[in-house]
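Working notes, beginning with the structure itself.
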Amino acid sequence: MFSNTRTNQFLPVSNPDDSSKAPLLNGSHPVGDEPIRRLPRKELLVVVSGFLMFALFVALIVANVGSNENHVQNNANEKGFILSSSTTEKTTPTETLRPPTSSRGVSAGVSEKANQILGGESYRWDNNVLSWQRTAFHFQPEKNWMNDPNGPLFYKGWYHFFYQYNPNGAMWGDIVWGHAVSKDLIHWFHLPLAMVADRWYDSNGVWTGSATILPDGQIIMLYTGSTNESVQVQNLAYPKDPSDPLLVNWVKYEGNPVLVPPPGIDVKDFRDPTTAWYTSEGKWRMILGSKINKTGISLVYETEDFKSYKQLDKVLHGVPNTGMWECVDFYPVSLTGENGLDTSANGLGVKHVLKTSLDDDKNDYYALGTYDEKAVTWVPDDPRIDVGIGIRYDYGIFYASKTFYDPNKKRRVLWGWIKESDSEAADVQKGWASLQGVPRTVVFDKKTGTNLLQWPVEEVDSLRLSSKEFNRVEVTAGSVVPLPVSMASQLDIVAEFELDKKDLERAAESNIEFSCSASSGSAERGALGPFGLLILADESLMEQTPVYFYVAKGTNGTLRTFFCTDQSRSSKATDVNKEIFGNYVPVLEGEKLSLRILVDHSIVEGFAQGGRTCITSRVYPTRAIYGDARLFLFNNATETKVTTSLKIWEMSSVPMKPYMSNHL
């Protein structure tokens with residue numbers, strides 16, 4: 001054990017600086033700080049008139065500049081130029097640093113996209129801290145707002161990633177499709193916008209969609225458009241030049257929309273088509289998310305040419321009281337092999353995953369089940385853990401996810417949108433919002449039979465730099481052990497934990513049900529937990545993000561293990577999310593407790609037991625940044641010591657660049 005083990009100094013709660021007299025975001029002072037001064041009426045009239053004249057002058061200039069910029073961008077795109085984001089994007093000049101006053105997205109017919117201030121006054125961020133929050137190896141555009149992953153695919157040697165994007169600011173709105181390409185899912189080159197809102201059927205937004213690659217190599221892209229009357233319709237697009245491996249230019253089908261909301265479906269509850277799969281009858285099927293009253297459903301459509309469709313009589317599946325289903329996904333997994341399967345695979349040795357993003361709670365749920373092609377139904381293996389009421393992809397911040405089959409490495413890859421959990425004011429100040437999680441492989445968990453295993457794609461390992469190993473470190477009850485690593489803001493951590501068997505036998509049984517989110521986090525002491533790692537902690541432990549296990553012993557002597565992330569002490573800032581995330585993780589006989597943690601500045605991704613349970617969090621420390629970030633082991637159990645073995649890699653940074661011709 002390290003000689004500088006800490007005891008009686010465990011997990012202090014940070015005390016934010018007193019901001020009761022701090023200036024407000026608009027530069028004014030709190031009420032009572034200064035007497036109110038009124039201008040004389042004549043002076044006031046002159047000031048108001050001058051302001052109106054100035055506003056009119058600015059409006060004329062902005063309108064003229066916007067027209068010129070649009071003309072330049074359209075000409076460049078027609079000629080197929082690869083433009084840097086600085087050429088094709090502009091920041092809305094009217095954005096000011098202030099708290100949001102209304103929701104975003106709901107009135108337009110999508111899930112809530114606003115980051116409301118979560119407590120008290122907005123924290124006064126400085127640019128040095130905000131700069132630290134930008135990640136080193138996660139996908140994000142150079143600036144502005146991003147949300148759902150769209151139409152990922154592999155084509156002619158390149159991985160393509162499209163995404164919901166606002167080219168005009170760091171908040172949701174003006175949604176178009178961003179586009180980037182990569183050779184390895186890690187190093188990305190940004191391309192011009194793939195599709196913009198330039199038709200009546202998508203004038204209010206080019207929303208989420210999916211790609212289908214036909215046997216002859218043709219690419220079909222189906223996406224939801226929000227019309228000029230905010231009706232959700234489905235549209236078809238395809239590459240202008242299929243010989244172009246970069247797929248820079250896209251054409252929208254002249255017969256769009258190809259689908260409109262059917263009778264009985266609200267015009268704002270009809271969105272997000274999946275990748276299509278091929279049936280034994282030579283037709284293609286895909287599903288869309290919707291709801292009827294409070295029952296979430298997946299509508300099924302069949303087509304032969306992706307232009308004309310037939311709605312099938314049955315829904316693929318529905319679950320009462322789950323609300324609107326959006327960003328649905330449907331794909332096969334092998335029960336025996338390690339490889340992923342093409343979306344059209346079916347038959348013996350195959351289960352199908354049905355996944356939905358629940359509009360009501362903003363989480364992604366999945367279930368395993370059996371797909372009957374002829375009956376056009378999918379039945380869950382266990383109705384108790386059906387879609388929307390059972391297992392989630394991730395128990396932290398992870399939404400609107402989408403998978404694709406990668407024929408290059410014969411795997412299924414999962415993308416997920418990781419939103420911000422600070423204030424919109426901070427997002428506007430830093431000029432960007434949201435990330436994509438590290439792409440994950442998805443396979444069937446043959447041991448449990450009820451779970452998927454999610455794991456960072458193997459290419460992530462190529463970012464590992466120098467490493468340190470710590471073997472069989474004993475952490476006694478109530479202690480904290482510092483781990484001497486540099487670059488604690490960019491780490492890949494693999495760890496195993498063992499509890500003393502005698503301690504397990506001696507531990508008292510309890511009928512109290514444990515829950516990560518309902519607990520007091522890592523400060524809540526039990527006989528057999530919590531224990532794990534303190535991520536992004538400062539030297540004084542005033543800021544820390546514990547990622548940990550908690551083992552509960554029931555009245556019958558059975559052990560239940562929980563995997564949690566505690567954000568309650570992650571920052572002294574007052575306007576960031578400080579929830580405690582987590583859930584039960586199955587641990588089978590003979591398995592050690594294991595986890596992998598990817599730390600990349602303001603995102604922490606945890607994978608427990610090979611990826612059976614995953615937690616993604618966004619944290620915004622103010623002290624535990626740059627060279628002041630630290631890493632610790634901890635054990636806050638009362639009745640057991642923990643033996644831990646770890647290997648920790650520092651991770652390199654990946655520049656995100658505009659594509660240039662010499663990248664071929």
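Given the criteria assigned to a loop (DSSP other than H, G, I, E, B), assigned by the TED database to the domain that holds Pro621 and among the acidic types (Asp, Glu), does Glu543 qualify? Give the steps one after another, and end with the answer.
Details: assigned to a loop (DSSP other than H, G, I, E, B): yes; assigned by the TED database to the domain that holds Pro621: yes; among the acidic types (Asp, Glu): yes.
Yes: the conditions hold for Glu543.
So if I check each of Ile292, Ile287, which one is farther than 13 Å from Gln234 by Cα and among the aliphatic types (A, V, I, L, M)? Walk me through how you get there before you give the answer.
Numbers: Ile287 fails: farther than 13 Å from Gln234 by Cα.
Residue meeting the stated conditions: Ile292.
Which condition number does Val473 fail, the rest of (1) under 20 Å from Ala537 (Cα atoms); (2) part of a strand (DSSP E or B); (3) within 23 Å of the chain's Cα centre (by Cα) being met?
(3)
Condition check: out of contact with any His (no Cβ under 6 Å at 6 or more places or on another chain), free of Cβ contacts under 8 Å to residues at least 40 places away in the same chain, loosely packed, with under 15 Cβ neighbours inside 10 Å and among the polar types (S, T, N, Q). Does Thr370 satisfy that? Step through it out loud before you land on a result.
Numbers: out of contact with any His (no Cβ under 6 Å at 6 or more places or on another chain): yes; free of Cβ contacts under 8 Å to residues at least 40 places away in the same chain: yes; loosely packed, with under 15 Cβ neighbours inside 10 Å: yes; among the polar types (S, T, N, Q): yes.
Judged against the criteria, Thr370 is a match.
Does region 262-277 include one or more residues that are part of a strand (DSSP E or B), within 23 Å of His160 (Cα to Cα) and in contact with a strand residue (DSSP E or B) (Cβ under 8 Å, 6 or more places away or on another chain)? Full working, then the answer.
Here is the first cut: in region 262-277, the residues part of a strand (DSSP E or B) are 271, 277.
This time we only want the ones that are within 23 Å of His160 (Cα to Cα), so: 271, 277.
Subset that is in contact with a strand residue (DSSP E or B) (Cβ under 8 Å, 6 or more places away or on another chain): 271, 277.
For region 262-277, residues part of a strand (DSSP E or B), within 23 Å of His160 (Cα to Cα) and in contact with a strand residue (DSSP E or B) (Cβ under 8 Å, 6 or more places away or on another chain): present.
Just the residues that are acidic (Asp, Glu) and farther than 22 Å from Thr558 by Cβ, please, taken from region 497-541. Spell out how you get there, then give the answer.
Within region 497-541, the subset acidic (Asp, Glu) is 498, 500, 503, 505, 509, 513, 524, 538-539.
Selection gives Asp538, Glu539.
Please indicate, with yes or no, whether at least one residue in region 531-550 is more than 18 Å from Val619 (Cα to Cα), open to solvent by 20 Å² or more (accessible area, probe 1.4 Å) and at pLDDT 95 or above. Talk me through it step by step, then tell me what you get.
Taking region 531-550 first, the residues more than 18 Å from Val619 (Cα to Cα) are 531, 549-550.
Imposing the further condition that a residue be open to solvent by 20 Å² or more (accessible area, probe 1.4 Å) reduces the set to 550.
Next, from what is left, pick out any that are at pLDDT 95 or above: 550.
Yes, there is a match, as at least one residue in region 531-550 is more than 18 Å from Val619 (Cα to Cα), open to solvent by 20 Å² or more (accessible area, probe 1.4 Å) and at pLDDT 95 or above.
Are there any pairs, at least 6 apart or on different chains, whose C-beta atoms fall under 6 Å, with the first in region 148-159 and in the same structural domain as Lys402 (by the TED database) and the second open to solvent by less than 10 Å² (accessible area, probe 1.4 Å) and acidic (Asp, Glu), and if so, which?
Between residues of region 148-159 that are in the same structural domain as Lys402 (by the TED database) and residues that are open to solvent by less than 10 Å² (accessible area, probe 1.4 Å) and acidic (Asp, Glu), the close pairs are Phe154/Asp406.
Sort out which residues of region 318-341 are at negative phi and surrounded by fewer than 18 Cβ atoms within 10 Å (Cβ to Cβ), and write them in order of number. It would help to see each step written out before you state the result.
First, pick out the residues of region 318-341 that are at negative phi: 318-320, 322, 324-326, 328-341.
Result: Pro320, Ser334, Leu335, Thr336, Gly337, Glu338, Asn339.
Taking Val485, is it open to solvent by less than 40 Å² (accessible area, probe 1.4 Å), touching a Ser or Thr at 6+ places or on another chain (Cβ under 8 Å) and β-branched (Val, Ile, Thr)? Walk me through it before giving the result.
Numbers: open to solvent by less than 40 Å² (accessible area, probe 1.4 Å): yes; touching a Ser or Thr at 6+ places or on another chain (Cβ under 8 Å): no; β-branched (Val, Ile, Thr): yes.
Answer is no for this residue.
Within region 273-302, take every residue that is closer than 18 Å to Gly318 by Cα and either among the basic types (Lys, Arg) or without any contact (Cβ under 8 Å) to a residue 24 or more places away in the chain (or both) and give me the one that is surrounded by the most Cβ atoms within 10 Å (Cβ to Cβ).
My answer is Arg285.
Does at least one position in region 206-223 carry a residue that is buried (at least 23 other Cβ atoms within 10 Å of the Cβ), on the phi > 0 side of the Ramachandran plot and at pLDDT 95 or above?
There is no residue in region 206-223 that is buried (at least 23 other Cβ atoms within 10 Å of the Cβ), on the phi > 0 side of the Ramachandran plot and at pLDDT 95 or above.
Within region 432-482, restricting attention to residues that are hydroxyl-bearing (Ser, Thr, Tyr) and more than 23 Å from Gly416 (Cβ to Cβ), which residue is surrounded by the fewest Cβ atoms within 10 Å (Cβ to Cβ)?
From region 432-482, those hydroxyl-bearing (Ser, Thr, Tyr) are 434, 441, 448, 450, 462, 466-467, 476, 479; that's our starting set.
Restricting the remaining residues to those that are more than 23 Å from Gly416 (Cβ to Cβ) gives 466-467, 476, 479.
Details: Ser466: 10, Ser467: 13, Thr476: 14, Ser479: 22.
The qualifying residue surrounded by the fewest Cβ atoms within 10 Å (Cβ to Cβ) is Ser466.
Among the residues of region 249-272, is any closer than 17 Å to Asn346 by Cβ and surrounded by 15 or more Cβ atoms within 10 Å (Cβ to Cβ)?
no
Yes or no: region 210-220 includes at least one residue that is in a strand (DSSP E or B), small (Gly, Ala, Ser) and farther than 15 Å from Met656 by Cβ. Steps first, please.
Applying the first criterion (in a strand (DSSP E or B)) to region 210-220 yields 210-213, 219-220.
Pick out the ones that are also small (Gly, Ala, Ser) and you get 210-211.
Next, only the ones that are farther than 15 Å from Met656 by Cβ stay: 210-211.
Scanning region 210-220, I find at least one residue that is in a strand (DSSP E or B), small (Gly, Ala, Ser) and farther than 15 Å from Met656 by Cβ, so the answer is yes.
So, in region 135-169, exactly how many residues are among the polar types (S, T, N, Q), assigned to a strand (DSSP E or B) and closer than 30 Å to Asp342 by Cβ? Break it down into steps so the answer makes sense when it comes.
Of all residues in region 135-169, those among the polar types (S, T, N, Q) come to 135, 140, 144, 147, 150, 164, 166, 168.
Cutting the leftovers down to assigned to a strand (DSSP E or B) gives us 144, 147, 150, 164, 166.
Remaining after also requiring closer than 30 Å to Asp342 by Cβ: 147, 150, 164.
Total meeting the criteria: 3.
Of all residues in region 347-357, how many are open to solvent by 10 Å² or more (accessible area, probe 1.4 Å) and either touching a residue at least 60 places away in the same chain (Cβ under 8 Å) or within 20 Å of Asn150 (Cβ to Cβ) (or both)?
Qualifying residue count for the region: 1.
Restricting attention to strands (runs of 3 or more DSSP E) lying wholly within region 305-346, give those where 1 or more residues are in contact with a His (Cβ under 8 Å, 6 or more places away or on another chain) and within 22 Å of Tyr223 (Cα to Cα).
Details: elements: 309-311, 317-319, 325-334.
Because the criterion is at least 1 residues that are in contact with a His (Cβ under 8 Å, 6 or more places away or on another chain) and within 22 Å of Tyr223 (Cα to Cα), the strands (runs of 3 or more DSSP E) in region 305-346 that meet it are 325-334.
Quick test of your reading of the structure: Trp172 fulfils all but one of (1) part of a strand (DSSP E or B); (2) open to solvent by 10 Å² or more (accessible area, probe 1.4 Å); (3) within 15 Å of Trp417 (Cα to Cα). Name the failing condition by number.
Result: Trp172 passes all but (1).
The values are calculated or read from the model by the stated rules, or taken from the named source; none is laboratory data. Predicted model, so just to flag it, every value in this text is computed and none were measured. In this analysis, Cβ positions are derived from the backbone assuming ideal geometry, glycine residues included, and neighbour counts consider all displayed protein chains. Ligands, DNA and RNA are excluded from the accessible area calculation, which covers all protein heavy atoms including side chains. Shrake-Rupley method; radii C 1.70, N 1.55, O 1.52, S 1.80 Å.
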